[in-house]
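These notes are about the structure you will find just below.
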């Protein structure tokens, strides 16, 4: 029942209540850690992986300050439940698709997740709504300290925390911010902005991180280097650059709207109309159209729907969420029809009653 309930609600980071949340969807900090007494995951056999998973679970289960965490055995989940955790940014695609013993621990607000036996033995993650890196760092630092009271991490006095990938050695920290940048895409300025970010040592990735494509004009910006800088310096680096990207997006939006841009209003209206009336629609097209609607709301072009509703629809129209809400596995063609029906119910409240996604 847990996954059906999870699919029906919205994680804290998606509520659209944090600072700069019209553009910044979430702030995330992730720490890579490995147990000192075991080889890296790629060198582990099945026995090692099982021992790591049980050791972490047993050591942390008795920690009262982490009692809000629920441990989930990822290896025992079916493909839909694993995909649902990916769609909610709680585990990576690699973690979902891997073999052998592996788990994730999640708090009930989905702000904290601990992946066990991903690329590293442990991946600690904290997510916040909007641009809130300082709070994310304070929280994950506290969680890291608590975990380290019970688990001996692989650490070198000169190199810092030892990780499976050399790019993570040192702090083992990735600081990332997910932004919605539709105006920069429409204005043809997105590549220019990204080239500038890469020169500053930041990586730009798609919705689901490394190796994923941008969908719905969502992009993740994160640090590339972890060695030679403190955690606070990495937070400050990303935190000092993101406001410039926000400013560029705001200027692009102002430029699009300043001349009474009829083409923009037409694009937004068509997107909203298609979502309200399509008989079948793919998840990719839904993301693309919801992106335009979300921008239209922020620009005052649409007034009868709120941002939290759109944020929730971004997640609930993804394949695994749609199937959990439907109550069983649905093939691709039927999913496209079911997705269209789901959008109808939540974007036409007068016709379908009080089925607004915000109230679910």
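Spin-label model, residue 329 to residue 265: label points 7 Å out along the Cα-to-beta-carbon direction sit 4.9 nm apart. Per residue, the Cα convex hull of region 1-101 amounts to 147 Å³. Report relative contact order for region 262-359 in percent, whole number only (criteria: Cα-Cα under 8 Å, sequence separation at least 6). Across region 262-359, relative contact order equals 34 percent.
Just order 289-297, 80-88, 35-43 by mean Cβ neighbour count inside 10 Å, highest at the front, would you? Walk me through the intermediate numbers first.
Working: 289-297: 23.8, 80-88: 21.6, 35-43: 13.8.
The packing order, highest mean first, is 289-297, 80-88, 35-43.
Subtracting the Cα-Cα distance of residue 199 and residue 2 from their residue separation scaled by 0.36 nm leaves 66.6 nm.
Taking the mean number of other Cβ atoms within 10 Å as a proxy for protection, how do you rank 98-109, 44-55, 191-202, 119-130 from highest to lowest? Present the calculation step by step, with values, prior to reporting the outcome.
Working: 98-109: 18.8, 44-55: 16.3, 191-202: 14.3, 119-130: 23.7.
Packing proxy ranking, top to bottom: 119-130, 98-109, 44-55, 191-202.
The three principal axes of the Cα atoms in region 161-274 give end-to-end lengths of 54, 26, 19 Å, sorted in falling order. In this calculation the C-beta distance from residue 68 to residue 230 is compared with R0 = 25 Å, giving a FRET efficiency of 0.30. Against the chain, whose longest principal axis is taken from its Cα atoms, helix 283-298 shows a tilt of about 70°.
Distance between the pseudo-spin-label points of residue 277 and residue 42 (7 Å out from Cα toward the beta carbon): 5.4 nm. In the frame of its principal axes, region 262-359 has Cα extents of 41, 26, 21 Å, reported largest first. Relative to the longest principal axis of the Cα atoms of the chain, the long axis of helix 231-258 makes an angle of roughly 10 degrees.
Packing order of peptides 59-71, 139-151, highest average first: 139-151, 59-71 (average count of other Cβ atoms within 10 Å over each peptide's residues). How many angstrom separate the Cα center of region 1-45 from the Cα center of region 93-152? When both Cα centres are located, 6 Å separates them.
Reported to two decimal places, what Rg/Rh ratio describes region 23-79 when computed on Cα atoms with Rh from the Kirkwood expression? Mind showing how you got there, number by number?
Values: Rg = 14.7 Å, Rh = 14.1 Å.
Radius of gyration over Kirkwood radius for region 23-79 works out to 1.04.
Relative to the longest principal axis of the Cα atoms of the chain, helix 332-347 runs at roughly 70 degrees. Taking 0.36 nm per residue of separation and subtracting the current Cα-Cα distance, fully stretching the chain between residue 50 and residue 17 would add 7.9 nm. Our summary gives region 2-254 a relative contact order of 25 percent, counting only alpha carbon pairs under 8 angstrom and 6 or more residues apart. Separation of region 292-333 from region 57-85 is 27 Å, based on Cα centroids.
No value in this document is a laboratory result; all are computed from the given coordinates. On a predicted model such as this, the values are computed, not experimentally measured, just so you know. Using ideal geometry, Cβ is built from the backbone for each residue, glycine included, and neighbour counts are taken over all protein chains shown.
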